[in-house]
1. If I ask for residues that are part of a loop (DSSP other than H, G, I, E, B), in contact with a helix residue (DSSP H, G or I) (Cβ under 6 Å, 6 or more places away or on another chain), away from every other protein chain (no Cβ under 11 Å) and under 20 Å from B:GLU122 (Cα atoms), which ones from segment B:197-216 would you list?
2. Can you name every residue in segment B:280-310 that is surrounded by fewer than 24 Cβ atoms within 10 Å (Cβ to Cβ) and more than 11 Å from chain A (Cβ to nearest Cβ)?
3. Select, from B:ARG183, B:ARG194, B:ARG146, the only residue that is within 12 Å of chain A (Cβ to nearest Cβ) and surrounded by fewer than 16 Cβ atoms within 10 Å (Cβ to Cβ).
4. Of (1) at the interface with another protein chain (Cβ under 9 Å from one of its Cβ atoms); (2) in contact (Cβ under 8 Å) with a residue 24 or more places away in the chain, B:ALA159 satisfies all except one. Which?
5. Go through segment B:353-388 residue by residue and tally those that are under 24 Å from B:ALA220 (Cα atoms) and either among the aliphatic types (A, V, I, L, M) or not in a helix (DSSP H, G or I) (or both).
6. All but one of (1) touching a Ser or Thr at 6+ places or on another chain (Cβ under 8 Å); (2) within 14 Å of A:ILE61 (Cα to Cα); (3) modelled with pLDDT under 95 hold for A:GLU42, so report the exception by its number.
7. Kindly establish whether B:GLU221 is at pLDDT 95 or above, away from chain A (no Cβ under 14 Å) and surrounded by fewer than 24 Cβ atoms within 10 Å (Cβ to Cβ).
Amino acid sequence: MIRRRLHVSMSADLVKEPILYRLVKEYDLSPNVRRADVSATEAWMAIELQGGSEAHIQEGIDYLTGLGATVKPLQGDVVES
Amino acid sequence: MSNLAGLKCKECGRAFDPGAVSVCDYCFGPLEADYNYQRASKLATRKKIKKGTPDIWRYMELLPLEGTRPVDLSPGFTPLLKADNLGARLGIKNLYIKDETVNPTHSVKDRMVAVAVSRAVELGFGVVACASTGNLAHSLAAHAARAGLKSVIFVPHDAEPAQLAAINIYEPALIAVKGGTQRINALCNEAMARERWAFVNINLRPYYAEGAKTIAFEIAEQLGWTAPDHIVAPIASGSTLTAIRKGMTELTAVEILKSQETKLHGAQAEGCAPVAAAFRKKSELIQPAAPATLAKSLSIGNPADGVYALRAARDSGGAIAAVSDNEIIEGMKTLAREEGIFAEPAGGAVVAALKQLASARAFKAGETVVAVISGGGLKAPEALSGRLKPPRVIEPKLSELESFLAQLRRAENVPGAVDM
């Protein structure tokens with residue numbers, strides 16, 4: 001199994017979307033939320049996404065970005081100045 | 001005996017052993033070094049610090065090492081210069097420059113790498129590694145050479161030639177990776193999972209970050225153990241501003257300072273300003289940026305400590321400025337012309353940010369302002385390509401020289417001979 005740690009953020013209008021449910025049911029991924037915050041204007045979560053392959057996980061990420069969410073590696077850029 | 005108590009999650013506060021680990025496996029928050037401050041307060045006294053060596057090791061009581069001899073190129077204790085010329089130009093009476101260009105490899109990274117490589121030795125690593133666009137790689141290659149360690153350094157395939165030469169002279173395993181930052185990030189993470197390497201800015205990040213807080217210690221000490229009213233520093237990964245905040249806070253924790261209310265300000269390039277954008281929007285979310293600026297040392301699109309740099313500025317009452325490439329170049333020129341310091345573009349960004357903040361009346365009359373100039377300009381000369389007046393080429397004849405000097409006098413409206 002492949003695991004990716006991701007930071008997913010979105011505007012408030014997306015919080016109505018059951019994204020975790022869809023990641024599980026439609027993309028056969030296992031999202032594990034470790035930290036999150038939802039406010040009146042924006043929402044974010046730190047998740048570990050587990051799936052059968054990199055391509056599999058990428059499909060889930062594409063679903064999220066397709067909705068308008070921003071998905072980035074949790075640790076930030078490894079490349080520094 | 002060390003004052004290092006262990007590592008602590010910045011988000012949930014869980015404690016961890018001080019090993020090669022940087023992320024909390026419960027909440028995924030970043031880890032930071034934690035100290036026994038009560039014990040440290042008895043050992044880290046003004047008197048003892050004053051007797052220390054003129055480098056970062058004078059603050060050993062608040063560094064995350066456990067007692068072995070550190071890997072030492074004597075970084076830090078850089079000059080804090082009163083910048084009267086630049087101050088007059090910007091309308092800031094008490095302006096100081098913390099000149100990091102004079103570090104062993106000419107950038108602030110030496111402070112961080114010295115601590116991280118020393119910790120790598122303590123933890124028994126034989127290989128140190130990093131991925132960098134220049135300054136970090138240069139510093140790591142030098143410190144690894146000094147420590148007798150092997151170094152593996154990943155750079156973007158289009159890294160600046162001057163930076164590559166400065167890295168390569170130390171003969172590291174230098175790997176130029178094709179593709180963008182995302183690809184290099186992924187490759188480094190895979191390599192780290194496979195090899196037992198000390199990636200100084202990844203699995204040793206809690207120690208690496210600690211080196212930068214010595215800037216705060218030095219500034220306070222060089223100002224006669226007082227906290228300045230403002231510090232302005234560049235933001236790339238965000239670790240420097242975050243560490244300066246930790247350093248200022250620790251000075252009160254160990255009772256060297258009774259209090260401090262330093263406002264921390266950041267400078268980013270408009271072409272890569274994810275933290276400045278979040279500051280402007282009053283958001284906690286750092287949206288990644290695709291870097292498009294000549295300031296390569298500020299080209300970090302998804303800054304690892306971005307949110308902590310944002311909080312450092314916001315919580316202290318500071319601000320984060322975004323400045324254009326033209327303003328950066330003008331800032332570099334102004335700093336050189338007014339104070340004799342040749343900075344990398346990040347330094348130009350700080351000068352431009354000073355100007356922006358002064359215009360916005362962020363500094364009250366008489367307040368002390370310290371600008372952190374993070375690295376030297378000789379490492380990034382490409383940024384100035386076509387931006388400076390070329391030299392006048394003449395034949396070796398006095399008549400040609402006189403003709404040129406006459407033109408110079410007319411242009412500058414200086415009567416009589418030009419004093420060359």
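1. Residue satisfying the conditions is B:LEU204 alone.
2. Result: B:ARG280, B:ALA290, B:ALA292, B:THR293, B:LEU294.
3. Values: B:ARG194 fails: within 12 Å of chain A (Cβ to nearest Cβ); B:ARG146 fails: within 12 Å of chain A (Cβ to nearest Cβ).
Exactly one of B:ARG183, B:ARG194, B:ARG146 is within 12 Å of chain A (Cβ to nearest Cβ) and surrounded by fewer than 16 Cβ atoms within 10 Å (Cβ to Cβ), namely B:ARG183.
4. (1)
5. As a first pass, look at segment B:353-388 and keep what is under 24 Å from B:ALA220 (Cα atoms): B:353-355, B:357-358, B:361-376.
From what is left, the residues that are either among the aliphatic types (A, V, I, L, M) or not in a helix (DSSP H, G or I) (or both) are B:353-354, B:357-358, B:361-376.
Count: 20.
6. Here A:GLU42 meets the rest and fails (2).
7. In short, yes.
Matching residues to (1) of a type outside the set (A, V, I, L, M); (2) touching a strand residue (DSSP E or B) at 6+ places or on another chain (Cβ under 6 Å):
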| residue | (1), (2) |
| --- | --- |
| B:ASP110 | yes, no |
| B:VAL128 | no, yes |
| B:ASN135 | yes, yes |
| B:ALA142 | no, no |
| B:LEU149 | no, yes |
| B:GLY180 | yes, no |
| B:MET192 | no, yes |
| B:ARG205 | yes, no |
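The values are calculated or read from the model by the stated rules, or taken from the named source; none is laboratory data. Note that the structure is predicted; figures quoted are calculated from it, not measured. For neighbour counting, all protein chains shown are included, and Cβ atoms are generated from backbone atoms with ideal geometry for every residue, glycine included.
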